Amino acid sequence: MTKTFSSAARGGRPTKLTPQRADHIVKVARAGLTVRLTAHYAGVSERTYMTWMARGRAAAEARESGEPAYPADTPYVRLYERVSEARAHLALKALLQLEKRADEGDTRAIIWKLDRLYRDDYGQQGIGLRDPWNEDDAEEYTVAPDLQALAERLQRNLLAVQYPPEDE
């Protein structure tokens with residue numbers, strides 16, 4: 001059974017999570033504030049904000065798996081869902097702007113997107129974002145690949161392969 005955060009089971013003082021505070025949190029999440037700044041803006045500690053989000057996520061997951069819904073968890077579930085939706089909307093908006101820049105021929109936007117979305121295939125493997133069309137960076141692409149990083153990735157992949165037991 002999943003651990004619940006129901007205040008009915010815990011007792012204690014009333015929550016600081018009011019509908020107005022939740023609206024403020026969603027507003028700044030939509031703008032892209034960090035967790036620390038979101039908590040500060042909402043007038044609560046970072047720990048309190050993270051507890052609210054964890055409680056909402058846990059209750060939402062419990063409900064999805066068929067466990068009973070506790071009415072005291074509803075504001076936290078709603079906050080979690082609204083903040084998750086706001087962050088997803090922000091990410092989509094940023095990617096669409098990036099896509100527009102890439103369509104306009106901005107090679108840095110193209111490289112950034114490939115590096116972040118398809119890191120295993122196109123990423124710089126920890127050496128940072130570089131523009132191969134920039135004359136200052138072009139020489140970086142003519143040198144030998146980072147053999148140490150390649151060996152480490154190969155080792156991880158080989159260890160991940162499950163071989164069937166050999167017949168004796």
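The values are calculated or read from the model by the stated rules, or taken from the named source; none is laboratory data. Please read these numbers as outputs of a predicted model, since none were measured by experiment. For neighbour counting, all protein chains shown are included, and Cβ atoms are generated from backbone atoms with ideal geometry for every residue, glycine included. Surface accessibility is based on the protein's heavy atoms, side chains included, excluding ligands, DNA and RNA. Shrake-Rupley method; radii C 1.70, N 1.55, O 1.52, S 1.80 Å.
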Legend entry - Set E99, E104: member being surrounded by fewer than 11 Cβ atoms within 10 Å (Cβ to Cβ) and either of a type outside the set (V, I, T) or free of Cβ contacts under 8 Å to residues at least 40 places away in the same chain (or both): E104
Inset, instruction - May I ask you to list pairs of residues, at least six apart or on different chains, whose Cβ atoms are under 9 Å apart, with the first in region 64-80 being of a type in the set (G, A, S) and the second being part of a loop (DSSP other than H, G, I, E, B) and buried (at least 17 other Cβ atoms within 10 Å of the Cβ)? - result: A72/F5
Legend entry - Residues of region 33-57 that turn out to be open to solvent by 20 Å² or more (accessible area, probe 1.4 Å), assigned to a helix (DSSP H, G or I) and polar (S, T, N, Q), as a count: 2
Legend entry - Close pairs from region 27-49: first in contact (Cβ under 8 Å) with a residue 60 or more places away in the chain, partner buried (at least 16 other Cβ atoms within 10 Å of the Cβ) and small (G, A, S), Cβ under 6 Å, at least 6 apart: A29/A86; R30/A86
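Conditions tested, residue by residue: (1) among the polar types (S, T, N, Q); (2) more than 26 Å from the chain's Cα centre (by Cα); (3) modelled with pLDDT under 85.
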{"position": "E64", "(1), (2), (3)": "no, no, no"}
{"position": "A88", "(1), (2), (3)": "no, no, no"}
{"position": "W112", "(1), (2), (3)": "no, no, yes"}
{"position": "A138", "(1), (2), (3)": "no, yes, yes"}
{"position": "A144", "(1), (2), (3)": "no, yes, yes"}
{"position": "A151", "(1), (2), (3)": "no, yes, yes"}
{"position": "L158", "(1), (2), (3)": "no, yes, yes"}
{"position": "D167", "(1), (2), (3)": "no, yes, yes"}
Inset, instruction - Might you let me know whether region 58-77 holds any residue that is within 20 Å of T34 (Cα to Cα) and surrounded by fewer than 15 Cβ atoms within 10 Å (Cβ to Cβ)? - result: no
